[in-house]
Amino acid sequence: MLRRSLASIAALAAAMALVMIVRSPAAGQAQPPGAKPAPATPAAKSWTLPRTQDGKPDLQGIWNNATVTPLQRPKGLGAKEFYSDEEFAKLSTRIRRGDVGEEAELGAARENDLRYDISLYGGFDISKARFASNKRTSLIVGPEGVVPPMLPEAKQRNAERAEKNKGHEFDSYENRPLSERCILMAQEMIPMLPGAGEGNLLQIVQGPGYVVFLHEIDHSTRVIPTDGRPHIPQNIREWQGDSVGHWEGNTLVVDTTNFTARSAFRGSGEKLHLVERFTRNADDQITYQFTVEDPTTWAKPWTAEIPMTKTEGPVYEWACHEGNTMISTILHGARVQEEEAAKKAGK
């Protein structure tokens, strides 16, 4: 049976309930006073931002953030934030030929001798891979283009965490990574970092006072209130933190706190604070921008920007693996090794 947690079922039910109450968008409706118009792209100067019946920007649809643009800028590019049109065209031609260097990040789609052929069984075609349409050299914005250096206290914290588990990696399922346990996969974690291959779809559903994000990976669902409620008490911690949203002009702003260090983002701690921004700037594009800060991990906040392209979908049900046999197989193998080691020691 495909794994589906009770939390996912409840969240998905909430999403479907919102689908029922969302009314048809009122395209062309006048913007509310003081709202700044969404930035127009050269190909969409006459485009009008659609709105839901309650006047909010309509972000609904199925969106794809797949890209091979790396999170951090390749060292050889220095402070270069954008490719020229000519450079971008040449880079796109190279990726279609399968010629990738440090300018592209294939991630899980990269060839791996220990795994099945992802092009044959996963449907990944490197000739269809693409760089971010904004022509950025990295997802991280700014002249540096890299994650700020980790603070000494954060390095020590993470080293102690790793040392505590050293030698106990196979004691129990609790010692295994969250992704291996199918609790939290890379492309459903927030902030949302894209992959090059499959698993990049996000369905957005809106209703009065709520926005719902349904991830393709792990059918994970985030129900985000936009009714002005505060965050939950600080003593309550969640895998994905506590998200509350509000609108700033045409942009949906999602503020998330109350993370747990057990689901650390790039070594972050419980002080992680995430601000996500979703701006629909064309009929087929949403700009997703996020800023992370954690005064116990990095010396300063950092920001990344990722274009999301509209797609037909649908979002099919996704399963980590059948019956969670990965964990039982791994732990069984460890017990067999221990038994063999004990027999040798007894001789």
Non-local amide H neighbours of residue 237 (under 5 Å, H modeled in plane, Pro and chain starts lacking H): which ones?
none
Pop a pseudo-label 7 angstrom from the Cα along the beta-carbon direction at both residue 166 and residue 283 and give the gap in nm to one decimal.
5.9
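Using per-residue counts of other Cβ atoms within 10 Å, averaged over each peptide, order 247-256, 154-163 from highest down. Walk me through the numbers before you get to the answer.
Numbers: 247-256: 18.0, 154-163: 13.3.
Going by the mean number of other Cβ atoms within 10 Å, highest first, we get 247-256, 154-163.
Which order do the peptides 326-333, 339-346 come out in when sorted by mean C-beta neighbours inside 10 angstrom, highest first?
Numbers: 326-333: 13.0, 339-346: 8.6.
Result, highest mean Cβ count within 10 Å first: 326-333, 339-346.
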Per-residue counts of other Cβ atoms within 10 Å, averaged by peptide: what ranking do you get for 272-284, 225-237, highest first?
272-284, 225-237
Less than 10 Å Cβ to Cβ from residue 83, Lys/Arg counted +1 and Asp/Glu -1: what total charge do the surrounding residues give?
-1
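So what is the relative contact order of the stretch 61-323, in percent, for Cα pairs below 8 Å that sit 6 or more residues apart? If you can, show how the numbers build up before the last one.
Numbers: 493 pairs, mean separation 57.4, N = 263.
RCO, the stretch 61-323: 22 percent.
Only the coordinates and a few stated rules stand behind these numbers; no lab work does. Being a predicted model, the structure only gives us computed values, none of them experimental. As a convention, Cβ positions derive from the backbone with ideal geometry for all residues, glycine included, and neighbour counts pool all protein chains shown.
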